[in-house]
């Protein structure tokens, strides 16, 4: 009898090429989530008469979106590469769909931020075209909120649609993890920038977002099999442990933030930091999983033994854009 081969790859070299992405990409993932969640909070604050929370959400959304786009364009190398992706619309491509989601969301987020700036001007300056700000204010805010959930979730689909083992194996739960993380982070921003009397919705958003993130992350790790190992080791493990600790602490603190401005600021900062750690942790785990051939070969053998297709995902990305 010939014993079963135990090799993992030729000379132990990676089977899946690690992506060339650097810190720009997790920054892009985090900031986009903050922008999306802030637009939702701002819309709710507008409908319930919380002007400071509305303003902080709208301005925070456009600031976070700007950071996200700067990080993305820096990774791409030049802005024209983003514009080139608008030449087609392909519903079967997460890259194409994500590009159009951002393109549709951005103008509305920018418009409501502009209305807030106009509202802060002296009344004698609000003449001519600036009077239109009051007309577009609420409709634009509601449209920005309409596109916000896809903005928060689509980046998870982009990661899962690659052949990187730990990202692809998490395709079921990762969008929920990213949405929960975005909700917690944007709520944290609201707690930091708004008076205690207006932060009720942000506190509830923080608890709900943190709960969704932690529960779905736990389910994700259980469903990933061996590809969950990188989430607990090395740099990725440190990021993920910090993320859980900060998210739990921030959510717990938000329950008390209605009585103390200091507690609100500390809790909000913890939630923001926890979301940063989540994005960097998942990013680093994916990179490490691509470097070790075990995380490609072992899941393929398990699927083969179960009579399932061995294909682990689409081809490795050829360019530096996270949507490919």
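The values are calculated or read from the model by the stated rules, or taken from the named source; none is laboratory data. Just so you know, these numbers come straight off a predicted model, no measurement behind them. Heads up, the Cβs are rebuilt from the backbone with ideal geometry, glycines too, and the neighbour counts pull from every protein chain shown.
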Exercise for review: Name, by its number, the condition in (1) farther than 18 Å from residue 192 by Cβ; (2) at pLDDT 95 or above that does not hold for residue 268.
Suggested key: (1)
Review point. Somewhere in the range 290-304, is a residue at pLDDT 75 or above, over 25 Å from residue 153 (Cα atoms), more than 26 Å from the chain's Cα centre (by Cα) and in a loop (DSSP other than H, G, I, E, B)?
Key: yes
Review point. Taking the range 206-229 as the search range and keeping residues that are buried (at least 24 other Cβ atoms within 10 Å of the Cβ) and modelled with pLDDT of 95 or more, which one is farthest from residue 269 (Cα to Cα)?
Key: 217
Revision key, fill the gap. For residue 200, the lone unmet condition from (1) out of contact with any helix residue (DSSP H, G or I) (no Cβ under 8 Å at 6 or more places or on another chain); (2) modelled with pLDDT of 95 or more; (3) over 29 Å from residue 292 (Cβ atoms) is (2)
Practice item. Tell me, yes or no, whether the range 158-178 has at least one residue that is under 18 Å from residue 64 (Cβ atoms) and modelled with pLDDT of 95 or more. Key: yes
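Confirm whether residue 151 is within 30 Å of residue 108 (Cβ to Cβ), touching a residue at least 40 places away in the same chain (Cβ under 8 Å), surrounded by 24 or more Cβ atoms within 10 Å (Cβ to Cβ) and in contact with a helix residue (DSSP H, G or I) (Cβ under 7 Å, 6 or more places away or on another chain).
Details: within 30 Å of residue 108 (Cβ to Cβ): yes; touching a residue at least 40 places away in the same chain (Cβ under 8 Å): yes; surrounded by 24 or more Cβ atoms within 10 Å (Cβ to Cβ): yes; in contact with a helix residue (DSSP H, G or I) (Cβ under 7 Å, 6 or more places away or on another chain): yes.
Yes.
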Practice item. Just give me the residues in the range 268-282 being closer than 17 Å to residue 26 by Cα and buried (at least 24 other Cβ atoms within 10 Å of the Cβ), in sequence order. Key: 271, 274, 275, 278, 279, 281, 282
Exercise for review: Mind listing just one residue for me: the one in the range 257-287 that is in contact (Cβ under 8 Å) with a residue 24 or more places away in the chain and over 20 Å from the mean Cα position of the chain (by Cα) and, of those, nearest to residue 19 (Cα to Cα)?
Suggested key: 265
